[in-house]
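**Q** Dropping a structure here in structure tokens format, bear with me for questions.
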């Protein structure tokens, strides 16, 4: 506050003098005031005469109202010799001179308006807004950033951090590429050059790593990227290299695996290669149901229907199917053809024939291979084979799913008569239904070769999954689960003279209303060395023979080293049921059965000649593990806990491990190696030790 001494005031008026208002001082300079701070000064208003003077207003009539302020002290009339004070404030918001003027209005007739000239200068702020220890008045050139103040370290940010009035030359980004010289931009005049830029053939260090690799041959094949090497990380790839089937563009032509020497549109590579690249008339044909008719069968111009491809097939005998749905019913009589789904997954190529039709009818010596496709919902109006009917022909399936097909007679999915069926791997039969026999597959007077097929939830009268009549049956590593028969053979029904080599099957949860919850063998006779061995048979059920049933006039077979657990029969033979009239060629040896539920575990009718030896039975629900005639006893049959690795009698085979503990009585207690039976010349385990009873032992041990 600036206060004026009373000595400067005019002499007091006489009492009879007229009112006279004076202002002191008439000019007021508040000097230099820092931005953000406030300075005050007082102006004295005095009645130098007699009477009273009323102050009407005191206001700023010139100047910046944001910087200048006027406040009056008191509003009563000024009697003679009385005075009052105006407070003037100056708070600049910018640097520089800021003149102003205050007008004082009163009812003094001689001087109704008096003026006070104001002056002040805005100076640098003394506030330290960013708390870095410096104000603008102290030289802080950016009081909003605490890293900027006099003497601060310069960093690479394009600003004057130390407030010396200059920005270092290396903090510029002259080419606008987002990188400064101080941030390792090695050429600030070229926006294409900066750290991380892609090296291109420009004879520059484009990425600023200190090297100019334009002609560097990184893979040692004699070519750099700038010499048209299209992959300088792969030594097999360079201009002029020999193209091979490796998924790479070896010759840098812009095309991958383009080996088509004869120009027929088919290469030597891919899922369906050209079978003869020297013959332009020899090439696989292609089908795509999504294209319009009129194609020529090449990969670029495929046929729209399979029938056209079959008519046009040449030397290669191969057809490729694009992903999609195929509704045709195809007839293949004679000749050889392989049909490949090209979706990379069976579910991508689906055969769903029209109502009353099947997908394929194969006959007259034809040899047909189907790969990577799905057979879905075939339902012929009559006859056998819901999806495929084979007569005097050969069909091979590989990575095929056959699902929900139905036949009025035999073979819900596939029926084979006097032919062969090869199931080469990753084949699945699920949910197929036969009006008669063979819920998924029925084969009569033929051959079946199965490697690791999955059979699940199929159903029929006989053979819920598979019916084989007078057929060579060669099954290995397959799984049968949840199949059902209203007659015999919940999973498999076998009838008549057959060559059998069946091993390593898992049969679980299958059911038959008749006999053989897992497998029924009726009138089955086989040559020497035919066998049913190393099976795991769990949780199957039937009226008789919850696991396996051997019936009919004769039964001739080696049934060895099988494990049967948790199977159920309403009557006899919860695990094995033997009721063939003549079973003199049936050898039931070295099997383990336990925790089965029925009137007996292993049951054989008397006088049938079956040879029953070296079997271990245990914990049949009825308490009777063995029932057979004394003349059938080949010795070493006994009841004792097999001591499985893990077993819980809860009806759930998924939580069991039916391997044998080292202390199991079934270990090394099977038939000695030199003991022959049914043509078997060796009983030893695969490691050469004495036969272990159950599925882990013998010549097919797991």
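**Q** Looking only at the stretch 117-129, decide whether some residue is assigned by TED's automatic domain parsing to the domain that holds residue 27 and under 30 Å from residue 17 (Cα atoms).
**A** Taking every residue of the stretch 117-129 in turn, at least one turns out to be assigned by TED's automatic domain parsing to the domain that holds residue 27 and under 30 Å from residue 17 (Cα atoms).
**Q** If you scan the stretch 110-149, which residues turn out to be surrounded by fewer than 16 Cβ atoms within 10 Å (Cβ to Cβ) and closer than 16 Å to residue 45 by Cα?
**A** Correct list: 110, 111, 112, 113, 115, 117.
**Q** Determine whether the stretch 181-202 contains at least one residue that is touching a helix residue (DSSP H, G or I) at 6+ places or on another chain (Cβ under 6 Å) and under 30 Å from residue 139 (Cα atoms).
**A** yes
For (1) surrounded by 15 or more Cβ atoms within 10 Å (Cβ to Cβ); (2) within 20 Å of residue 108 (Cβ to Cβ); (3) touching a residue at least 40 places away in the same chain (Cβ under 8 Å), each residue gets a yes or a no:
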site: 47; (1), (2), (3): yes, yes, no
site: 52; (1), (2), (3): no, yes, no
site: 63; (1), (2), (3): yes, no, yes
site: 71; (1), (2), (3): no, no, no
site: 76; (1), (2), (3): no, yes, no
site: 79; (1), (2), (3): no, yes, no
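To keep it simple, each residue is scored yes or no on (1) in a loop (DSSP other than H, G, I, E, B); (2) touching a helix residue (DSSP H, G or I) at 6+ places or on another chain (Cβ under 8 Å); (3) buried (at least 19 other Cβ atoms within 10 Å of the Cβ).
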{"residue": "396", "(1), (2), (3)": "no, no, no"}
{"residue": "416", "(1), (2), (3)": "no, no, yes"}
{"residue": "462", "(1), (2), (3)": "yes, no, yes"}
{"residue": "474", "(1), (2), (3)": "no, no, no"}
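**Q** So if I check each of 641, 673, which one is within 20 Å of residue 576 (Cβ to Cβ), in a loop (DSSP other than H, G, I, E, B) and either without any contact (Cβ under 8 Å) to a residue 24 or more places away in the chain or touching a strand residue (DSSP E or B) at 6+ places or on another chain (Cβ under 7 Å) (or both)? It would help to see each step written out before you state the result.
**A** Details: 673 fails: within 20 Å of residue 576 (Cβ to Cβ).
641 is the lone residue from the list that is within 20 Å of residue 576 (Cβ to Cβ), in a loop (DSSP other than H, G, I, E, B) and either without any contact (Cβ under 8 Å) to a residue 24 or more places away in the chain or touching a strand residue (DSSP E or B) at 6+ places or on another chain (Cβ under 7 Å) (or both).
**Q** Scan the stretch 645-665 residue by residue and report those that are part of a helix (DSSP H, G or I) and surrounded by 15 or more Cβ atoms within 10 Å (Cβ to Cβ).
**A** Once the filter is applied, which keeps residues that are part of a helix (DSSP H, G or I) and surrounded by 15 or more Cβ atoms within 10 Å (Cβ to Cβ), the stretch 645-665 yields only 653.
**Q** I'd like the residue in the stretch 94-109 that is in contact with a strand residue (DSSP E or B) (Cβ under 6 Å, 6 or more places away or on another chain) and not in a strand (DSSP E or B) and, out of all such residues, is surrounded by the fewest Cβ atoms within 10 Å (Cβ to Cβ). Spell out the reasoning first.
**A** Going residue by residue through the stretch 94-109, those that are in contact with a strand residue (DSSP E or B) (Cβ under 6 Å, 6 or more places away or on another chain) are 94-106, 108.
Applying the additional criterion that residues be not in a strand (DSSP E or B) yields 94-95, 98-99, 108.
Numbers: 94: 10, 95: 15, 98: 21, 99: 14, 108: 24.
Only one residue fits best here, namely 94.
**Q** To continue, here is another question. For the stretch 675-693, does any single residue satisfy the condition of being surrounded by 14 or more Cβ atoms within 10 Å (Cβ to Cβ), closer than 30 Å to residue 482 by Cα and assigned by TED's automatic domain parsing to the domain that holds residue 585?
**A** Yes, there is a match, as at least one residue in the stretch 675-693 is surrounded by 14 or more Cβ atoms within 10 Å (Cβ to Cβ), closer than 30 Å to residue 482 by Cα and assigned by TED's automatic domain parsing to the domain that holds residue 585.
**Q** Moving to a separate point now. Do we find that residue 548 is touching a strand residue (DSSP E or B) at 6+ places or on another chain (Cβ under 6 Å), under 25 Å from residue 676 (Cβ atoms) and surrounded by 22 or more Cβ atoms within 10 Å (Cβ to Cβ) in this structure?
**A** Criteria met by residue 548.
**Q** Looking only at the stretch 479-492, filter to residues that are buried (at least 24 other Cβ atoms within 10 Å of the Cβ) and outside any strand (DSSP E or B); which one of those is nearest to the chain's Cα centre (by Cα)?
**A** Per the stated criteria, the residue is 483.
**Q** Could you tell me whether residue 20 is surrounded by 11 or more Cβ atoms within 10 Å (Cβ to Cβ), at pLDDT 85 or above and under 16 Å from residue 109 (Cβ atoms)?
**A** Yes; evaluated as a whole, the condition is true for this residue.
The values are calculated or read from the model by the stated rules, or taken from the named source; none is laboratory data. Just so you know, these numbers come straight off a predicted model, no measurement behind them. Don't worry about glycine lacking a Cβ; one is built from the backbone with ideal geometry, like all the others, and counts go over all protein chains shown.
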